[in-house]
Each structure stands twice: as C-alpha cells, then as structure tokens.
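Visitor: Right, I'll just put the structure down here and ask away after.
Throughout, read-outs are computed from the coordinates displayed, never taken from laboratory work. Because the structure is predicted, anything quoted here is derived from the model rather than measured. FYI the Cβ positions are ideal-geometry reconstructions off the backbone, even for glycines, and counts take in every protein chain you see.
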Amino acid sequence: MILETVHHAIVLAVDDIQPEAPPGSGQILRLVRYLMWFVMLCGVAAIIYAGGKFGWEKWNGATLESPKMVAAAAIGGIIATSASSLMNAVVLN
C-alpha cells in the first residue's frame, strides 16, 4: 500500500515528456535519406550485374556462381528496406 502510494506520487509529479529533435537534426535526416537512396541504387545495380553475369555464365557453359550473387543482393535489399521500417517503428512509437 505504501509502495503504491509512493509510485502514484512519483507518477503524478512527473509531467508528460514529449521528445524534441536536437538542433541540426534536419541535416542528419537528409543525409540518411540520401544514404538510403544510395543503398537502394547499389542493390539494383548488384541485381542487374548478377543477372548479366548469370546470362554470361549460362551462355559460355561455365560454373554458375551468379545465383548466389542474386540471392545475396535480394537478401541485402530485404535487410536494407526492413531496417528503415524497423527504425521508424522503434523511433516513432
């Protein structure tokens, strides 16, 4: 009972705190958005390169190593795009 009373007194004494962006955070967010576009462009370039290499290996009858590259680029793209969503969910909620 005493512990509950102390808890209520502390909760009532603390105001509802709202987060505030630090100064200069707009420039950091702009940099993060640019980096996100760069990562997406690199992922698309990797898939295009791996697809071209896959066709070249298939055409020449060489051992197929490029399907691993395509899978790695796809997994990297999934991780890169889900990281943004996860961070938005964590930071905004």
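Visitor: For residue 68 and residue 36, FRET efficiency with R0 = 35 Å and r from the beta-carbon atoms, rounded to 0.05?
Guide: 0.85
Visitor: Next up: In whole percent, what relative contact order does segment 38-93 give with Cα contacts below 8 Å and a gap of six or more residues? Intermediate values should be presented prior to the final figure.
Guide: Details: 29 pairs, mean separation 21.1, N = 56.
Rounded, it is 38 percent for segment 38-93.
Visitor: A further question on this structure: Is segment 38-93 best put as rounded, prolate or oblate by its Cα gyration tensor, with a ≥ b ≥ c the root eigenvalues, rounded for a/c under 1.5, and otherwise prolate when a/b is larger than b/c, oblate when not?
Guide: Prolate shape, in that a/c is at least 1.5 and a/b is the bigger ratio.
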